[in-house]
Ligand code: R5P
């Protein structure tokens with residue numbers, strides 16, 4: 001087995017290979033004059049390839065397909081597709097007539113050249129139902145809890161009810177209390193969070209979410225906690241998109257971090273160990289079949 005990472009996930013791919021103790025291959029990625037991508041993978045003789053590629057932004061999706069195709073061309077028998085951040089996952093149903101179920105379209109195309117799929121903190125479990133190959137859905141709560149444990153937090157908050165389970169798990173793992181806020185989304189960039197009285201005075205509080213996109217959710221939650229006297233506020237998420245005014249919004253907290261599902265200067269937590277475990281589990285499963 002070897003790990004091949006696309007240009008969206010080079011650091012995570014290398015870390016996964018290190019944890020697994022297998023070779024890491026970095027393909028050559030270049031562009032033709034018309035903007036089309038070209039990938040080239042160094043010599044590959046193994047039967048099993050693990051392709052690690054976040055499918056965001058759009059170019060990285062094409063790169064994923066080209067990497068899978070190149071590996072098949074080189075005779076690779078089994079491909080495990082590891083997608084650290086699954087782009088288009090938030091459009092997982094029809095909101096307005098005539099729309100695509102984008103998450104389904106992505107799943108169908110990723111699986112065309114995959115023998116297995118592994119994701120982490122996917123927007124919805126239903127995404128797995130669109131794959132016919134074996135799948136694993138893992139969570140970043142372990143590495144996130146480790147990061148927060150060092151910061152000695154007293155309370156873990158989910159900014160919405162949907163993330164309640166995640167906050168509860170992290171709170172239990174760090175020995176903190178947990179709670180959730182009630183968020184209403186007004187638009188792609190605006191949210192309101194209903195005031196809620198919390199025992200925040202003088203305490204160290206972590207806001208834990210699956211995604212930080214514009215950072216609006218974190219900013220509104222932090223404002224409330226600050227008003228209620230929180231001593232320190234941390235924000236941590238699995239997938240850190242940090243778009244638009246996100247960096248300005250992050251100034252509302254004392255410290256923040258995301259995992260390396262989306263690589264940036266903010267991705268200070270690695271999920272390599274989680275993926276390495278999942279790959280070992282999947283390897284046993286698909287080599288038997
Ligand atoms: C929404 O359901 C997600 O859990 C996040 O809370 C959301 O994507 C964050 O978006 P933003 O950072 O733009 O507020």
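General remarks:
- Simple spin-label estimate for residue 62 and residue 289 in nanometres, 7 Å along Cα-Cβ: 3.1
- Whole-number D in µm² s⁻¹ for the stretch 141-269, Kirkwood Cα-pair radius fed into Stokes-Einstein, 20 °C, 1.002 mPa s: 152
- Residue with peak Gaussian network fluctuation, the chain [Cα springs, cutoff 10 Å], from 81, 30, 126: 30
- Euclidean distance between Cα centres, the stretch 86-165 to the stretch 267-289, Å: 16
- Once the gyration tensor of the Cα atoms in the stretch 1-122 is diagonalised, the equivalent ellipsoid follows with semi-axes of 25, 16, 13 Å, ordered largest first.
- Residues of the stretch 152-169 with amide N under 18 Å of the 7 Å Cα→Cβ point at residue 194: 157-165
- Take the Cβ atoms of residue 247 and residue 77, set R0 to 45 Å, and the FRET efficiency comes out at 0.50.
- Packing-based exposure ordering (other Cβ within 10 Å, fewest first) of 242, 131: 131, 242
- When each of 223, 283 is scored by the number of other beta-carbon atoms lying within 10 Å, the sequence from fewest to most is 223, 283.
- Burial ordering of 102, 187, 264, fewest other beta-carbon atoms within 10 Å first: 187, 264, 102
- Here, the stretch 219-280 is characterised by an Rg to Rh ratio of 1.09, where Rg is the alpha-carbon radius of gyration and Rh the Kirkwood radius.
- The chain: antiparallel DSSP beta bridges as a percent of all, rounded to 5: 15
- 222 nm mean residue ellipticity, helices alone, for the chain (DSSP H n ≥ 4; -39,500 (n - 2.57); rounded to 500): -9500 deg cm²/dmol
- Share of alpha-carbon pairs per 10 Å distance bin for the chain, given as whole %: 6, 28, 32, 21, 10, 2, 0
- Top of 195, 42, 33 by mean-square fluctuation, Gaussian network on the chain, Cα under 10 Å: 33
- Computed extension length for residue 149-residue 94: 15.8 nm, one decimal, from 0.36 nm per residue of separation with the Cα-Cα distance subtracted.
Values quoted throughout were computed directly from the atomic coordinates according to the rules given, and no laboratory measurement underlies them. A quick note: this is a predicted structure, and the numbers were derived from the prediction, not measured. Note that each Cβ is placed from the backbone with ideal geometry, even for glycine, and that neighbours are counted across all protein chains shown.
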